[in-house]
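Some notes on the structure that comes next.
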Amino acid sequence: MKKFEFTGKKVADAQFRAYGSSLEEAFANAALAMASIMYDYVKIKPAEEREIKIEGNDLQSLLYNFLEEILFLLDTENFLLHSVKEIKIKNNQLEAVLVGDTKIENYELFGQVKAVTYNEMKIEKEKDIYMVQVVVDI
Amino acid sequence: MKEKFKQISDYEWRIEKENGMRVPAIVFASKLLFDAIEEDALTQLRNVATLKGIQKHAIALPDIHSGYGFPIGGVAAFDIDEGVISPGGIGYDINCGVRLLVTDLKIEEFIKKRNQFLDEIFKNVPSGLGSKGRIRVTKEMLLDVLAKGAEWAVENGYGIKEDLTKTEEYGKMPKADPNAVSNRALQRGMPQLGSLGSGNHFLEIQKVDKVFDGEIAEKFGIDKSCVTVMIHCGSRGLGHQVASDYIKIMEQKFGWKHLPDRELVNAPINSDVGQTYYSAMSAAVNYAFANRQMIMHWTRESFYNVFGEVKVDLVYDVAHNVAKFEKHKIDGEIKKVCIHRKGATRSFGPGREELPEIYQETGQPVIIPGSMGTASYLLVGTKKAEEVSFGSTAHGAGRVMSRHAALKQFRGQQVYATLHNKDIEVKSASWKGLAEEAPQVYKDIDEVANVSHNVGIGKKVCRLVPLCVIKG
């Protein structure tokens, strides 16, 4: 199973689909998909951790708020994502530990994600695979 | 969707009211540009026409492309009592906009020290993803910036009073309320004040390669023998967060399930939420005005440091993503409406009260940046625009290829070499970032400007081409 893929459908923005064998894994892969627009997350050192707790009114807004938190941490603390661990989703609440680095000057940053959007957002389960689809404004 | 639009003149396509549309929708485009429009973008335009209180018609400009909720390159006007305001109709990058500067520095003098200048300005103007401003901004300072916009910048030594006259809204939205901006937005805005950002944002040193209207060009201060500067950026993370915050608040208060797209979420203009969003949006607009004013100041300093005394004057600063209360003629009557411009430039003709005295006779300067490394245009606003497009015209070239596809097709080094061979020097923090903005991924800016000119909603004054570029 692929972690994520870009549809290339939106010319001005970026649309991706992220997959997982659980909802948690699909959400975590969505975070990596978004990070991959801005930098090569594989190259980010797992130097620091941030524990996050996110709430939403529904699953879509939970996903939106989760991804937005990653943008927030980048703007305010220079936090670059390496991976997501210990992610739990229950009752439209999400807890996770973000692993990454704040030494932003050590990395090549190539693109910018301005914002997460609800445009054509989907969260689906087919057979045993969860899929989330997101368009981000870049 | 496309087949439902009927061509009614050389540059106008129209769909009449159907399926919940309250007004017709119009696309201004040439056949070439119309054929290239994505289906999605036209569906989004149609959806805008279903919103409550929309007036006359929903409009798409020649650079229309698919956005979220509203298309990019669109204009819509809403009745103040019956209508709505929607963050998706303005965009996440509130007051993403552009300013054009003219200098008295001769092109050949500039070329002699071009690379030295490029290094200097790259050092002085923070750019790229995660770029932080050069000054430490406290929360108190930021609240002041949000209330005063470019005026704050000038008061604090970034530029001169005259610059404010040559900025849309005089660089300060009157209804801005810093208290309507969340703490999270403030936190994102503090480190980034005075930075270009990334993506399609850029700072270019240009020269005039064609003059279409010599008289107006002269009135706008254009001297063909001297270099010009274009600065393209917005309200950074603060603006993005304001949009996102109010999308959430509007969803909770007014719901979204009745809408064809969640991103069309909105609030009645006269509701508390609608008013507060307008105040917060205005504060973000001010942040962007201050941002561009500071960047202009450092551009001036860079010229002084490399070339000595150089006169650097602002032509105009225009917003491309904004909502405004303006008076327009609707059904024969002059009426105040809430205009949403998302990827559109205000294009007021002569005599509008909003314009400063210097542009009362000519109409306002309209600045349309091309993509990095291609041409840009200076146009002049018209009365015709006020009649047909709520005083608006296009804002740029519009992408035709996604960034993902661009990365597959181009390499940054190759983009650099191509531009270098065309005698354009580029500096960017990232090769990949450069590849994503390859000139080929955009529509033909000449075609966009020609449509604007031929429809009469923005008349061509001159065409500008880059000498060097800082890619954000």
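What are the residues in the stretch B:34-70 that are closer than 22 Å to A:Val116 by Cα and of a type in the set (Ser, Thr, Tyr), if any?
B:Thr43, B:Ser66, B:Tyr68
Might you check whether a residue that is of a type outside the set (S, T, N, Q), at negative phi and without any contact (Cβ under 8 Å) to a residue 40 or more places away in the chain occurs anywhere in the stretch B:377-394?
Residues of the stretch B:377-394 that are of a type outside the set (S, T, N, Q), as a first pass: B:377-381, B:383-388, B:390-391, B:394.
Then keep just the ones that are at negative phi; that gives B:377-381, B:383-388, B:394.
Of the ones still in play, those that are also without any contact (Cβ under 8 Å) to a residue 40 or more places away in the chain are B:383.
The answer is yes, given that some residue of the stretch B:377-394 is of a type outside the set (S, T, N, Q), at negative phi and without any contact (Cβ under 8 Å) to a residue 40 or more places away in the chain.
Any residue at all in the stretch B:69-86 that is aromatic (Phe, Trp, Tyr), away from every other protein chain (no Cβ under 14 Å) and within 30 Å of B:Gln7 (Cβ to Cβ)?
Applying the first criterion (aromatic (Phe, Trp, Tyr)) to the stretch B:69-86 yields B:70, B:78.
Pick out the ones that are also away from every other protein chain (no Cβ under 14 Å) and you get B:78.
Of the ones still in play, those that are also within 30 Å of B:Gln7 (Cβ to Cβ) are B:78.
Checking the stretch B:69-86: at least one residue is aromatic (Phe, Trp, Tyr), away from every other protein chain (no Cβ under 14 Å) and within 30 Å of B:Gln7 (Cβ to Cβ).
Inspect the stretch A:94-111 for any residue being within 13 Å of chain B (Cβ to nearest Cβ), in a loop (DSSP other than H, G, I, E, B), under 17 Å from B:His404 (Cα atoms) and among the basic types (Lys, Arg) and give the result as yes or no.
no
Does any residue of the stretch A:61-76 turn out to be at the interface with another protein chain (Cβ under 10 Å from one of its Cβ atoms), among the hydroxyl-bearing types (Ser, Thr, Tyr) and under 17 Å from A:Leu32 (Cα atoms)?
yes
Which ranges mark the helices (runs of 4 or more DSSP H) fully within the stretch B:386-437 that have 3 or more residues being farther than 30 Å from B:Ala77 by Cα and more than 8 Å from chain A (Cβ to nearest Cβ)? If you could, list the steps in order and put the result at the bottom.
Numbers: elements: B:403-409, B:412-421, B:431-436.
Qualifying helices (runs of 4 or more DSSP H): B:403-409, B:412-421.
Which count do you get for residues in the stretch B:180-223 that are in contact (Cβ under 8 Å) with a residue 24 or more places away in the chain and more than 13 Å from chain A (Cβ to nearest Cβ)? Give the steps one after another, and end with the answer.
Here is the first cut: in the stretch B:180-223, the ones in contact (Cβ under 8 Å) with a residue 24 or more places away in the chain are B:180-182, B:184-186, B:188-213, B:216-217, B:219-223.
Retained after the next criterion (residues that are more than 13 Å from chain A (Cβ to nearest Cβ)): B:180-181, B:194, B:203-213, B:216-217, B:219-223.
Selection size over the stretch B:180-223: 21.
Looking at the structure I just gave you, is B:Arg292 under 22 Å from B:Glu155 (Cα atoms), in contact with a Lys or Arg (Cβ under 9 Å, 6 or more places away or on another chain), assigned to a helix (DSSP H, G or I) and among the charged types (D, E, K, R)?
Working: under 22 Å from B:Glu155 (Cα atoms): yes; in contact with a Lys or Arg (Cβ under 9 Å, 6 or more places away or on another chain): yes; assigned to a helix (DSSP H, G or I): yes; among the charged types (D, E, K, R): yes.
Yes, satisfied.
Could you please give the count of residues in the stretch A:114-138 that are of a type in the set (A, V, I, L, M), at the interface with chain B (Cβ under 9 Å from one of its Cβ atoms) and in contact with a helix residue (DSSP H, G or I) (Cβ under 8 Å, 6 or more places away or on another chain)? Break it down into steps so the answer makes sense when it comes.
The first filter runs over the stretch A:114-138 and keeps only residues of a type in the set (A, V, I, L, M), leaving A:115-116, A:121, A:123, A:129, A:131-132, A:134-136, A:138.
From what is left, the residues that are at the interface with chain B (Cβ under 9 Å from one of its Cβ atoms) are A:115-116, A:121, A:135, A:138.
Pick out the ones that are also in contact with a helix residue (DSSP H, G or I) (Cβ under 8 Å, 6 or more places away or on another chain) and you get A:115-116, A:121, A:138.
Total meeting the criteria: 4.
A:Ile87: of a type in the set (A, V, I, L, M, F, W, C), away from chain B (no Cβ under 14 Å) and assigned to a strand (DSSP E or B), yes or no?
Numbers: of a type in the set (A, V, I, L, M, F, W, C): yes; away from chain B (no Cβ under 14 Å): yes; assigned to a strand (DSSP E or B): yes.
Against the criterion (of a type in the set (A, V, I, L, M, F, W, C), away from chain B (no Cβ under 14 Å) and assigned to a strand (DSSP E or B)), A:Ile87 qualifies.
Restricting to the stretch A:86-138, give me the number of residues that are at pLDDT 95 or above, of a type in the set (Lys, Arg) and in contact with a strand residue (DSSP E or B) (Cβ under 7 Å, 6 or more places away or on another chain).
So the answer is 2.
The values are calculated or read from the model by the stated rules, or taken from the named source; none is laboratory data. Nothing here was measured: the structure is a model prediction, and the numbers come from that model. Every residue, glycine as well, gets a Cβ built from its backbone with ideal geometry; the counts of neighbours run over all protein chains shown.
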